[in-house]
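Just below is one structure, and these are the notes that go with it.
The values are calculated or read from the model by the stated rules, or taken from the named source; none is laboratory data. Note that the structure is predicted; figures quoted are calculated from it, not measured. Using ideal geometry, Cβ is built from the backbone for each residue, glycine included, and neighbour counts are taken over all protein chains shown.
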Amino acid sequence: MILVVFNGQYYNEGFLCVERNNHGLFTLRSLLDKHGWHQLYFETRVDERSSQKRTKRVGFLTTLKSRPLLIDTLKESLRDESLLIHCDQTLDELQTFVVTATGRLEAASGSHDDSVMALGLAAWIPARSMFKPQAVYDGAPVSRYQYFEAV
């Protein structure tokens, strides 16, 4: 958890999008309650029956409906080159991300898709929310190790 906070600080109080499924709930609670981190993605849902009631929940909930939307957003971002990937692990996972016999996009048997889904969340924020990325910082580089000196 400390690493998530340090990375957020390193990236200028960075905006975090945490999946709220399973153990993501613990991560979100810890970020909010223990670390006071409020630069988090919130989903706003409209009640389908009344279309008046809106609920706002922290984190991204991956469901049978939202997963294909997330993957489509990732595909679009990769196609238009709005995401640059510098991580070999993520590139490897993308190469083993396949359409299964049931039509579902997921990691091939024996492979993982955690990095692909994390990249999908990174693509989701600028594409689907009011959050707009800031211009690239042109100043002197700062060592990320400065955040670990106190640990």
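Scan the stretch 94-111 residue by residue and report those that are over 16 Å from the mean Cα position of the chain (by Cα) and surrounded by 15 or more Cβ atoms within 10 Å (Cβ to Cβ).
Result: 96, 97, 105, 106, 107.
Select, from 16, 3, 84, the only residue that is within 17 Å of residue 115 (Cα to Cα), loosely packed, with under 13 Cβ neighbours inside 10 Å, outside the structural domain of residue 125 (by TED's automatic domain parsing) and not polar (S, T, N, Q).
Of the residues listed, the single one that is within 17 Å of residue 115 (Cα to Cα), loosely packed, with under 13 Cβ neighbours inside 10 Å, outside the structural domain of residue 125 (by TED's automatic domain parsing) and not polar (S, T, N, Q) is 3.
Looking at the stretch 13-47, which of its residues are aliphatic (A, V, I, L, M) and within 23 Å of residue 69 (Cβ to Cβ)?
16, 18, 25, 28, 40, 46
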